[in-house]
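Have a look at the structure below before the remarks.
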Amino acid sequence: MQIPEYLPHIELLLQALRVNRERLNSKSKIAIDAKLLRGLVQAIIARSPFSDEFYLEAYPDIAEAHAAGNIPDLHRHYVESGFFEGRFGTPPTVDEAFYTTYYKDVGQAVARGDIASAAEHYLRQGAAEGRIPNRQIKPEVDYWISVLRDDTRAA
């Protein structure tokens, strides 16, 4: 798949989703074709920051495949597969002091030497658990967690 330069007009998306604007703005659930959902997510991910250096350093399997010529375009791999595998395109901004204080279990694990750092924990499992990497992004993470968990208080 080529990274999209085009997104369909909202009217076309609404037709494909079989919903009107009022329903889209409601709290009701809608079914979405998996291919359409994947395409929309890929369009968003394609425009997000990406670092070849980080991707190679963070994921040795990717570095090996890239060196062997099996993954010639790292950004394309991230957009088409990596994001859906739970990989990051850039290093997350993790505030070590905030994270290890806010998440006592991580602070204890770092102190025991079970994990090297809060950043490592967040990268390997914390993000998937919905943990907050730093104080500045907390409102945004809280919003998304409420949306993802179907919290009726989400705006």
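Remarks
- Members of the stretch 62-85 found to be touching an Asp or Glu at 6+ places or on another chain (Cβ under 8 Å) and either in contact (Cβ under 8 Å) with a residue 24 or more places away in the chain or not small (Gly, Ala, Ser) (or both), listed by number: Leu74, His75
- Of everything in the stretch 43-67 that is in a loop (DSSP other than H, G, I, E, B) and loosely packed, with under 15 Cβ neighbours inside 10 Å, the residue that is nearest to the chain's Cα centre (by Cα) is Ser48.
Conditions tested, residue by residue: (1) surrounded by fewer than 12 Cβ atoms within 10 Å (Cβ to Cβ); (2) closer than 19 Å to Ala128 by Cβ; (3) at pLDDT 90 or above.
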{"position": "Ile3", "(1), (2), (3)": "no, no, no"}
{"position": "Val19", "(1), (2), (3)": "no, no, no"}
{"position": "Lys29", "(1), (2), (3)": "yes, no, no"}
{"position": "Gly69", "(1), (2), (3)": "yes, no, yes"}
{"position": "Arg76", "(1), (2), (3)": "no, no, yes"}
{"position": "Arg87", "(1), (2), (3)": "no, yes, yes"}
{"position": "Tyr103", "(1), (2), (3)": "no, yes, yes"}
{"position": "Arg112", "(1), (2), (3)": "yes, no, yes"}
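- Residue match in the stretch 41-61 (condition: over 15 Å from Phe88 (Cβ atoms), in contact (Cβ under 8 Å) with a residue 40 or more places away in the chain and not aliphatic (A, V, I, L, M)): yes
- Residue within the stretch 78-90 that is of a type outside the set (S, T, N, Q), assigned to a helix (DSSP H, G or I), over 12 Å from the mean Cα position of the chain (by Cα) and closer than 24 Å to Val41 by Cα present: yes
- Of all residue pairs spaced 6 or more apart or on separate chains, those with beta-carbon atoms under 7 Å, a first member in the stretch 108-133 that is in contact (Cβ under 8 Å) with a residue 12 or more places away in the chain and more than 16 Å from Phe98 (Cα to Cα) and a second member that is of a type in the set (Gly, Ala, Ser) and surrounded by fewer than 17 Cβ atoms within 10 Å (Cβ to Cβ) are Ala128/Gly86.
The values are calculated or read from the model by the stated rules, or taken from the named source; none is laboratory data. Remember, it's a predicted structure, so these values are computed and weren't measured experimentally. In this analysis, Cβ positions are derived from the backbone assuming ideal geometry, glycine residues included, and neighbour counts consider all displayed protein chains.
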